[in-house]
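Report on one structure; see the data block that follows.
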Amino acid sequence: MSTPAAQPILTTLTGSCHCRATRYVLRLALPLTAHAVTPTQRSSPADKPCVYRCNCTVCHKAGLLHVRPASPPDDFALLAPRDLGALGAYRPRGPGEGSTAFFFCRTCGVRCFSFKGQGEVVAVDRAEVGVEGDGTVEVWRPEKSTWTTEGMGKCYLSVNGQSIDWGQEGADLRVWSEEGKILYLDCLEAGPDGRERPRYERPHEGGCY
């Protein structure tokens, strides 16, 4: 008799850059679920937690493993620094509100997350983000009131899975790969019409496992 699959539970994970100047918490439904790919789908699902690799030149050269929580304003909090200006930022499409920023630590160079949208500094309960002590602590997070996944102004947050702190239950990246839970996107072409459907079996041309 086969063992029933474990039901995903919203789990809080910690992550950081190598020197720990950048620290965050991420809530992710674990164990991961491999979502069905629709015939017309060309990108990752916007309303479901998803882990994927992209074969575009930016993500491939940076070695990013994208981890997208279901609701970034609720599921991601940056503990340090609270001012994004303290981080380096690479914007492949140039400066402006409509461009995605790939943030990196100015000390060790590790890229922990990329973001497009508005953010805010808010006070949250320390227990909610795993910080010791009583009362509240200030964190940066995506602004919930302006968050949208529709239209040209859609927001975006992706955590680099390789910056998740090692040793946390359910966050073994080897298992994610071995169980076929990593989706592979084809974003190497300039436009969506030239892209192949996402798949779990094998990276697209120009990508990697």
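Quick notes on this structure:
- Every residue from the stretch 171-197 that is over 15 Å from L65 (Cβ atoms) and of a type outside the set (A, V, I, L, M): D186, E189, G191, P192, D193, G194, R195, E196, R197
- If you go through the stretch 107-135 and keep only what is under 17 Å from the mean Cα position of the chain (by Cα), part of a loop (DSSP other than H, G, I, E, B) and either on the phi < 0 side of the Ramachandran plot or hydrophobic (A, V, I, L, M, F, W, C) (or both), you end up with V110, R111, C112, Q118.
- Count of the stretch 46-68 residues, restricted to those that are among the basic types (K, R) and either touching a Ser or Thr at 6+ places or on another chain (Cβ under 7 Å) or closer than 17 Å to T149 by Cα (or both), is 2.
- Taken over the stretch 142-155, residues that are crowded, with 16+ Cβ neighbours inside 10 Å and not in a loop (DSSP other than H, G, I, E, B) amount to 1.
- Of residues in the stretch 153-193 being under 20 Å from K61 (Cβ atoms) and over 18 Å from the mean Cα position of the chain (by Cα), the one modelled with the lowest pLDDT: A190
- Scanning the stretch 85-126 for residues that are free of Cβ contacts under 8 Å to residues at least 12 places away in the same chain, farther than 15 Å from Y156 by Cα and surrounded by 13 or more Cβ atoms within 10 Å (Cβ to Cβ) gives a single hit, R126.
- The set of residues from the stretch 6-28 being in a loop (DSSP other than H, G, I, E, B), in contact (Cβ under 8 Å) with a residue 60 or more places away in the chain and of a type in the set (G, A, S) comprises just one member, A21.
- Boolean, V139 is closer than 24 Å to F104 by Cβ and surrounded by 11 or more Cβ atoms within 10 Å (Cβ to Cβ): yes
- Within the stretch 45-57, the set of residues being buried (at least 18 other Cβ atoms within 10 Å of the Cβ) and at pLDDT below 70 comprises P45 only.
The values are calculated or read from the model by the stated rules, or taken from the named source; none is laboratory data. What you are looking at is a predicted structure, and each value in this text was computed from that prediction instead of being measured. Methodologically, a virtual Cβ is constructed for each residue, glycine included, from the backbone with ideal geometry; neighbour enumeration extends over all protein chains shown.
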